[in-house]
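The values are calculated or read from the model by the stated rules, or taken from the named source; none is laboratory data. In this text the structure is predicted, and so the values were computed from the model without any measurement. Neighbour counts are summed over all protein chains in view; Cβ atoms, including those assigned to glycine, are modelled from backbone coordinates with ideal geometry.
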Amino acid sequence: MRVVEAAARALGLQVQTLRASTAREIDTGFTALREGPEQPDALFISSEGFFVTRRVQLAILAAQRSIPAAYSNREQAEAGGLMSYGTNSGDTWRQLGAYVGRILKGAKPADLPVVQSHKFELIINAQTARTLGLTVPHTLLATADEVIE
């Protein structure tokens, strides 16, 4: 969050952090957004596993309040989020499988190198953009790895 807040300050933006660990807390957070002094211009939803499991709830609440929401995981854009930018899930699972295979063959986990994802993907949900009344620039659509119609 420190990096996000520093980047926001550099761009002259304000960041409000809401935390949730239950479905009810997500509802409460969206209610707080609606009742706050200003409607947010956009949301960024953390890559926390809990939020992936609540992706439909998050997409519905963001759409009901006409708030563009960005995620770090393609499944959330597929569930109705505006866009996602993050690691390729398939690549991550393949890397995990390779690690498990090496461990099962006797490698010690502490001896395995740390591997960072190098393949990222931008997914744009054009249907959600239209629902929100947004026009996604053609240059952004052209650079997307996938556009969901």
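So for the range 101-120 (the condition being exposed (fewer than 15 other Cβ atoms within 10 Å of the Cβ), closer than 27 Å to residue 13 by Cα and more than 18 Å from the chain's Cα centre (by Cα)), does at least one residue qualify? No, the range 101-120 contains no residue that is exposed (fewer than 15 other Cβ atoms within 10 Å of the Cβ), closer than 27 Å to residue 13 by Cα and more than 18 Å from the chain's Cα centre (by Cα). Determine whether residue 30 is modelled with pLDDT under 95, surrounded by 15 or more Cβ atoms within 10 Å (Cβ to Cβ), under 11 Å from the mean Cα position of the chain (by Cα) and aromatic (Phe, Trp, Tyr). For residue 30, the condition - modelled with pLDDT under 95, surrounded by 15 or more Cβ atoms within 10 Å (Cβ to Cβ), under 11 Å from the mean Cα position of the chain (by Cα) and aromatic (Phe, Trp, Tyr) - is not met.
Taking the criterion of being under 19 Å from residue 146 (Cα atoms), of a type outside the set (Val, Ile, Thr) and surrounded by fewer than 13 Cβ atoms within 10 Å (Cβ to Cβ), would at least one residue in the range 5-19 satisfy it? Outline the logic, then answer.
Pass one, the range 5-19, residues under 19 Å from residue 146 (Cα atoms): none.
Within the range 5-19, not a single residue is under 19 Å from residue 146 (Cα atoms), of a type outside the set (Val, Ile, Thr) and surrounded by fewer than 13 Cβ atoms within 10 Å (Cβ to Cβ).
Of everything in the range 50-92 that is outside any helix (DSSP H, G or I) and among the charged types (D, E, K, R), the residue that is surrounded by the most Cβ atoms within 10 Å (Cβ to Cβ) is 54.
In the range 41-52, is there at least one residue being in contact (Cβ under 8 Å) with a residue 60 or more places away in the chain, under 12 Å from the mean Cα position of the chain (by Cα) and under 23 Å from residue 144 (Cα atoms)? Step through it out loud before you land on a result.
First, the residues of the range 41-52 that are in contact (Cβ under 8 Å) with a residue 60 or more places away in the chain: none.
No, the range 41-52 has no match at all.
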